[in-house]
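Encoded as structure tokens, the structure appears first; notes follow it.
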Amino acid sequence: MIKGLRPLLREGERQLNRLVVAAAALMLLVASTSALYQVFSRFVLHVPAHWSEPLVKVSLIWMVYLGLMAGARTGTLIAVDFLMDKSSGLVRSAMRAMVMVSTLIIFGVLVYYGWLAVYMVRNQTIAGLGVSASWVYSAIPVGAGFAALGAIAHFVDPQTKSDSAEAL
């Protein structure tokens, strides 16, 4: 039963990772398009778009936190490659476990304090966009939660490709 479940979970994690990375790429597209429009409207039309700058900031924040999952999945968040290359056997396994535990602790702290921040700003709005600041701050716990899943997936099934971009 478990052997049949493992490939299914692996494929589910892979598809989720692709979806989250695609969402991060979309946020980069939104940020760059908004910034380009801001420059065009300010210097060509001589009418600044007040909404574009906050939209750039919000989309970049979401892009970074969503991109954490890709970094965690490929094991590129904490660089201990030198020590990993020099170690083997039980020492290497212990180091991998320590890296995963410390990474999960960091992501856990981000989830916890991120939700506290979301709660604290629930009544504030983003100037220029008119949306709740909670939407911006929710990038922290959501991104950290996805990144924790990526870190666990990397521990269970480490990427073997040399290029991290290929591993995705």
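Show me the helices (runs of 4 or more DSSP H) found entirely inside segment 1-118 where at least 1 residues are among the polar types (S, T, N, Q) and under 15 Å from F155 (Cβ atoms).
Counting at least 1 such residues, we get 2-43, 52-74.
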First in segment 32-51 and touching a residue at least 60 places away in the same chain (Cβ under 8 Å) and within 23 Å of V131 (Cα to Cα), second anywhere and surrounded by 12 or more Cβ atoms within 10 Å (Cβ to Cβ) and hydroxyl-bearing (S, T, Y), Cβ under 9 Å, 6 or more apart:
W51/S34
Can you report the number of residues in segment 58-101 which are without any contact (Cβ under 8 Å) to a residue 24 or more places away in the chain and of a type in the set (D, E, K, R)?
4
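From the list D163, D157, D85, which residue is at pLDDT below 95, more than 25 Å from E13 (Cα to Cα) and charged (D, E, K, R)?
D85
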For segment 119-147, what are the residues that are assigned to a loop (DSSP other than H, G, I, E, B) and small (G, A, S)?
A127, G128, G130, S138
Regarding L36, is this residue aliphatic (A, V, I, L, M), more than 30 Å from A148 (Cα to Cα) and at pLDDT 95 or above?
yes
Consider M100 against the criteria (1) more than 12 Å from the chain's Cα centre (by Cα); (2) at pLDDT 95 or above: it satisfies all of them except one. Which criterion is unmet?
(2)
Out of G150, G143, which single residue is in contact with a Gly (Cβ under 9 Å, 6 or more places away or on another chain) and modelled with pLDDT of 95 or more?
G143
A151 passes all but one of (1) touching a Lys or Arg at 6+ places or on another chain (Cβ under 7 Å); (2) of a type in the set (A, V, I, L, M, F, W, C); (3) in contact (Cβ under 8 Å) with a residue 60 or more places away in the chain; which number fails?
(1)
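The values are calculated or read from the model by the stated rules, or taken from the named source; none is laboratory data. Fair warning: this is a prediction, and the values are worked out from it, not measured in the lab. Note that each Cβ is placed from the backbone with ideal geometry, even for glycine, and that neighbours are counted across all protein chains shown.
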